[in-house]
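Some notes on the structure that comes next.
The values are calculated or read from the model by the stated rules, or taken from the named source; none is laboratory data. Bear in mind the structure is a predicted one, so any value in this text is a computation, not a measurement. Methodologically, a virtual Cβ is constructed for each residue, glycine included, from the backbone with ideal geometry; neighbour enumeration extends over all protein chains shown. Ligands, DNA and RNA are excluded from the accessible area calculation, which covers all protein heavy atoms including side chains. Shrake-Rupley method; radii C 1.70, N 1.55, O 1.52, S 1.80 Å.
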Amino acid sequence: MALQVEETLIVGGEDSFMQVRHLILRGPNREIGCHLAEIARERHDVRKEPWTDPRGTSVQRAYLRLHYPIHYERMRGVADAFGMELEDDRIDFSDLLYYVGFPGCSVVYYPPATTSTGHPMFSRNNDFMTGTVRNMLGLAAERGEKPMIAEPYLMEVYPDQGYPSLYLSTFDLLGACTDGINSEGLVVGLAADDESMARFSMEPTYIHGVGLQEMVVQRFLLDTCATVEEAKQALLLNKHYYAFAPCHYLIGDRH
């Protein structure tokens, strides 16, 4: 099954502050991962360099192969796109990070009794500063540096394994999802937990852990779960860590 790709710029232009692209992908997960890696490399200058703890990288790869094989297949495609070997423990192929910053978000659920239509409503807003990553660190922006969420993607994905889904991707083209819905009616949204982040130090103290990090959790749920009950079980069965900030999750289904 060959990969089918459609991409449309739905907000902004070359000189706009923000450009939003609607990307539709149909095909094998390995080919989906390869195409996303090509976009990351050619459009966002993403590179794969040795920087992680080799043992941690190896264990994380083994964990994803066992517990999240859909994402593991996409990682194979990332390695293909960069002309590298997936088994190289010096390289982390589990993400395609670009314009990474610390999120701030609002998620609200309105029960049927509170809406004018009598239908429930799930709403999520990306509350974000307009600066660059360097601005956030108190530094002057480099020439050509773009704001942190200047190029989000509305992803519409129909994989060969896993449920089709519609979701927003902002920091990591491969696995991250800030909110979305799948073909079975499961809906997910996340909000950064600033209070916990201020009270507790980050563990592990480096970005690369083993398990599902906070933005991949939602993509995992959309790929594999049809109901809230399935999502609860999946969350309890898996190992978790956070790479940037602890998060709250709001999860609902068609019921």
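Some observations on this one:
- Extension gain, F200 back to W51 (0.36 nm per residue minus Cα-Cα distance, nm): 51.1 nm
- Taking the accessible area of the chain, probe 1.4 Å, and keeping the other protein chains in place, the carbon and sulfur fraction comes to 53%.
- Solvent-accessible area per residue for the chain (1.4 angstrom probe, square angstrom): 50
- Considering only Cα atoms, the convex hull volume of region 116-255 works out to 157 Å³ per residue.
- Counting only residues at least eight positions apart within a chain, or on another chain, the aspartates and glutamates with an alpha carbon under 18 Å from that of K146 are E14, D15, E42, D45, D127, D172.
- Net charge, D92 excluded, C-beta distance under 11 Å - Lys, Arg +1, Asp, Glu -1: -2
- Highest to lowest packing among 138-144, 214-220, scored as the average C-beta count within 10 Å: 214-220, 138-144
- Fraction of the pair-distance distribution of region 74-198 above 24 Å, Cα-Cα pairs, percent: 46
- Placing one equal scatterer on every Cα of region 34-120 and applying the Debye formula, the log10 ratio I(q)/I(0) at q = 0.15, 0.19, 0.20 Å⁻¹ is -0.64, -0.85, -0.92.
- Taking Y242, Y167, Y110 in turn, the Gaussian network model of the chain (Cα-Cα springs below 10 Å) assigns the largest fluctuation to Y110.
- For region 156-188 versus region 66-97, the spacing of their alpha-carbon centroids is 18 Å.
- Result for the chain in a Gaussian network model with C-alpha springs under 10 Å: among R55, R47, R21, the largest mean-square fluctuation is at R55.
- Under 13 Å, Cβ to Cβ, from D193 - net charge with Lys/Arg +1 and Asp/Glu -1: -2
- Quotient of the Cα radius of gyration of the chain and 2.2 N^0.38 Å, N being its number of residues: 0.99.
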